[in-house]
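Trainee: Before we start, here is the structure in question, set down as structure tokens.
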Amino acid sequence: MSELQVKDTRYIAGTYGRFPVEIVSGKGSVYKDTDGKKYIDMGTGIGVNAFGVCDKKWVSAVKKQLNKVQHTSNLYYTNPCADLAEKLCLKTGLKKVFFSNSGAEANECAIKVARKYGKEHKGEEYFNIITLKNSFHGRTVTTLSATGQDVFHKEFKPLTEGFLYADANDCEGLIKLVSENKACAIMIECVQGEGGVNVLNKNFVLTAYELCQKNDMLLIVDEVQTGNGRTGKLYAYMHYGILPDVVTTAKGLGGGLPIGACMIGEKAEFTLGKSDHGSTFGGNPVCSAGAISVIDRLTEEFLSEVKRKSKLIVTTLENAKGIKSVSGMGLMLGVETEKPASEVVKECIKKGVLCLTAKTKVRLLPALNIPDKQLKKALEIIKSVCADE
Ligand SMILES: *Cc1c(COP(=O)(O)O)cnc(C)c1O
């Protein structure tokens with residue numbers, strides 16, 4: 001182990017299993033390590049660096065704000081967070097935004113909105129929220145509870161009560177859960193990211209939407225990973241022709257700075273009132289400036305490029321040797337390989353490509369603007385690793 005790895009292991013809480021890669025800098029879709037070795041980045045820090053590393057326009061937007069004021073607290077007005085909220089509302093049709101610093105916190109806000117909405121509209125006991133098995137909603141105690149995967153639960157019980165888990169794409173099961181329980185919301189990811197890049201089918205999402213309309217419940221769509229252009233539309237729910245009641249996002253929103261958003265539609269626009277919720281850093285002007293520069297660039301023209309690159313990846317990998325299938329949408333793809341995914345990721349690192357895993361799949365979340373040349377090179381390396389016995 002290098003000096004850095006020894007120090008990190010000694011002083012950083014042991015929650016992460018890091019790969020032996022020491023990143024010092026980067027540009028676009030290429031990282032450089034301590035020895036000057038280059039890596040093509042197919043993971044963007046888990047879908048965060050939407051426009052790659054140190055993108056010129058993004059750096060300039062962030063720097064400009066950094067030279068004005070870095071933080072004010074939410075006791076005062078600042079332009080960047082109001083401008084960002086306006087953009088998000090106008091582009092989605094949602095009505096209000098609460099800013100946080102992470103995806104888990106965006107979901108915490110959505111859960112508070114749902115509980116208060118349920119109490120006010122349906123009664124005290126309507127606090128249950130239906131989520132999906134295999135979902136991922138965050139690491140705080142309550143978002144862990146919302147996460148429908150036992151592996152994350154077992155060491156931390158008792159968790160927050162009031163979460164029920166339905167099978168993804170099982171309409172009958174969902175209808176039954178709603179009819180037999182007192183629920184205030186259904187919470188879904190249109191593409192389950194950590195759960196294995198599983199796309200929800202249209203019928204299921206429409207069923208969830210209609211159940212929420214009929215029973216005066218809120219449909220919460222967790223777009224922490226799928227949001228902000230990742231799937232080829234601004235938000236993944238847009239592929240389904242619905243408008244959810246609450247949409248949460250984070251990861252790619254800030255382009256590399258920590259910001260999350262809980263966007264609330266008409267039904268619950270006024271549910272949160274003064275002192276119902278808050279965050280010291282939420283809506284930070286520097287993070288908001290970074291997010292504005294990301295959102296402004298996600299034009300229809302740009303998103304059609306995201307879709308083209310998605311096709312390029314799918315057609316290159318789909319029938320390649322050692323690859324069983326490709327799932328996902330846009331530049332959020334899961335590759336089922338014959339070799340164990342973790343082995344593929346390790347081999348790719350040796351050959352200069354950084355990929356992620358999701359359950360049994362190799363997960364690809366490249367920068368939305370990854371140049372074709374680097375993308376093709378990375379795909380050739382992934383293909384060669386998968387084909388090699
Ligand atoms: C990553 C993720 C979260 C948690 O976000 P953090 O910023 O790590 O708190 C929540 N939901 C989904 C769908 C995610 O992918």
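Trainee: Residues of the stretch 40-125: accessible area per residue at 1.4 Å, in Å²?
Mentor: 53
Trainee: Placing one identical point scatterer on every Cα of the stretch 114-250 and ignoring solvent, what is log10 I(q)/I(0) from the Debye formula at q = 0.12, 0.15 Å⁻¹?
Mentor: So the normalised log intensities are -0.43, -0.68.
Trainee: Let me ask something additional. Scan the chain and hand back the longest stretch that contains none of the trypsin sites (Lys or Arg not before Pro) lying in DSSP loops with at most 10 other Cβ atoms within 10 Å.
Mentor: On the way: sites that count: Arg18, Lys274.
Result for the longest clean stretch: 19-273.
Trainee: When the distances between all Cα atoms of the stretch 97-190 are binned every 5 Å from zero, what whole-number percent does each bin get?
Mentor: All Cα pairs considered, the percentages come to 3, 14, 24, 24, 21, 12, 2, 0.
Trainee: Which GluC sites (Glu not before Pro) in the stretch 291-378 sit in a loop by DSSP (not H, G, I, E or B) and have at most 13 other Cβ atoms within 10 Å of their own Cβ?
Mentor: Glu318, Glu338
Trainee: So which residue, out of Pro244, Pro371, Pro20, gets the largest mean-square fluctuation from a GNM of the chain using Cα contacts under 10 Å as springs?
Mentor: In the Gaussian network model the winner is Pro20.
Trainee: For the stretch 294-380, calculate the relative contact order in percent as a whole number, restricting contacts to Cα pairs under 8 Å that are 6 or more residues apart. Can you show the working numbers first?
Mentor: Values: 97 pairs, mean separation 20.2, N = 87.
Result for the stretch 294-380 is 23 percent.
Trainee: Using a probe of 1.4 angstrom, how much of the accessible area of the stretch 1-84 is carbon and sulfur, in percent?
Mentor: Details: 3350 of 5890 Å².
The C+S portion of the solvent-accessible surface of the stretch 1-84 is 57 percent.
Trainee: Run down the aspartates and glutamates and flag those whose C-alpha is under 15 Å from the C-alpha of Lys96, throwing out any fewer than 8 positions away in its chain.
Mentor: Asp83, Glu86, Asp245, Glu266, Glu269, Asp276
Trainee: Straight distance only, please: which lysines reach the Cα of Lys37 with their own Cα at less than 22 Å, same-chain residues fewer than 8 apart left out?
Mentor: Reachable lysines: Lys7, Lys27, Lys346, Lys350, Lys351, Lys373, Lys376, Lys377, Lys383.
Trainee: So for Asp216, Asp55, what's the accessible-area order with a 1.4 Å probe, most first?
Mentor: Ranking Asp216, Asp55 by accessible area, largest first, yields Asp216, Asp55.
Trainee: For the stretch 316-365, with every protein chain kept in place, what is the accessible area per residue (1.4 Å probe, Å²)?
Mentor: Here the residues of the stretch 316-365 average 40 Å² of exposed surface.
Trainee: So for the chain, what percent of the C-alpha to C-alpha distances run longer than 40 Å? Intermediate values should be presented prior to the final figure.
Mentor: Working: 10420 of 75466 pairs.
Percentage above 40 Å: 14.
Trainee: Could you give the alpha-carbon Rg of the stretch 76-145 over 2.2 N^0.38 Å, rounded to two decimals?
Mentor: Rounded to two decimals, the normalised Rg is 1.32.
Trainee: Right, here's the next one. For the chain, what does the helix formula give at 222 nm: sum of -39500 (n - 2.57) over DSSP H segments with n ≥ 4, over the residue count, nearest 500 deg cm²/dmol?
Mentor: Mean residue ellipticity at 222 nm (helix-derived): -11500 deg cm²/dmol.
Trainee: Mind jotting down the distance between the C-alpha centroids of the stretch 175-235 and the stretch 282-328, whole Å?
Mentor: Spelled out, the Cα-based centre of one part sits 20 Å from the other.
Trainee: Can you give me the relative contact order of the stretch 226-332 as a percent, contacts being Cα pairs under 8 Å and 6 or more apart?
Mentor: RCO, the stretch 226-332: 32 percent.
Trainee: Further question: If the cut-off is 23 Å between C-alpha atoms, which lysines fall inside it for Lys154, apart from same-chain ones fewer than 8 positions away?
Mentor: Excluding near neighbours in sequence, the set is Lys133, Lys359.
Trainee: Can I ask one more? Say we join alpha carbon atoms closer than 10 Å with springs in a Gaussian network model of the chain; which of Asn169, Asn74, Asn128 then has the biggest fluctuation?
Mentor: So, out of Asn169, Asn74, Asn128, the one fluctuating most is Asn74.
Trainee: Sum up the lysine pairs in the stretch 230-344 that clear both bars: alpha-carbon distance under 17 Å and a spacing of 8 or more or different chains.
Mentor: Lysine pairs satisfying the spacing and distance rule in the stretch 230-344 number 7.
Trainee: Something else now. Relative contact order (percent) for the chain, with alpha-carbon contacts under 8 angstrom and 6 or more residues of separation?
Mentor: Dividing the mean separation by the residue count of the chain yields 23 percent.
Trainee: Under a Cβ-Cβ limit of 4.7 Å, which cysteines in the chain have nobody to pair with?
Mentor: So far as the 4.7 Å Cβ criterion goes, Cys54, Cys81, Cys89, Cys171, Cys184, Cys190, Cys212, Cys287, Cys348, Cys355, Cys386 stand without a partner in the chain.
Trainee: Turning to a different aspect of this structure: Roughly how far apart, in whole Å, are the Cα centres of the stretch 109-144 and the stretch 1-72?
Mentor: For the stretch 109-144 versus the stretch 1-72, the Cα centre distance is 33 Å.
Trainee: Rounded to two decimals, what is Rg over Rh for the stretch 175-269 when you use alpha-carbon atoms and the Kirkwood radius?
Mentor: Checking Rg against Rh, the ratio lands at 0.97.
Trainee: Further question on the same structure: Let me make sure I get this right: for the stretch 318-368, a, b and c are the square roots of the gyration tensor eigenvalues over alpha carbons, sorted descending. Under 1.5 in a/c it's rounded, otherwise prolate if a/b > b/c, else oblate. Which is it? Present the calculation step by step, with values, prior to reporting the outcome.
Mentor: Values: a/c = 1.60, a/b = 1.08, b/c = 1.48.
Verdict is oblate for the stretch 318-368.
The values are calculated or read from the model by the stated rules, or taken from the named source; none is laboratory data. Being a predicted model, the structure only gives us computed values, none of them experimental. Every residue, glycine as well, gets a Cβ built from its backbone with ideal geometry; the counts of neighbours run over all protein chains shown. Only protein heavy atoms, including side chains, enter the accessible area calculation; ligands, DNA and RNA are left aside. Shrake-Rupley method; radii C 1.70, N 1.55, O 1.52, S 1.80 Å.
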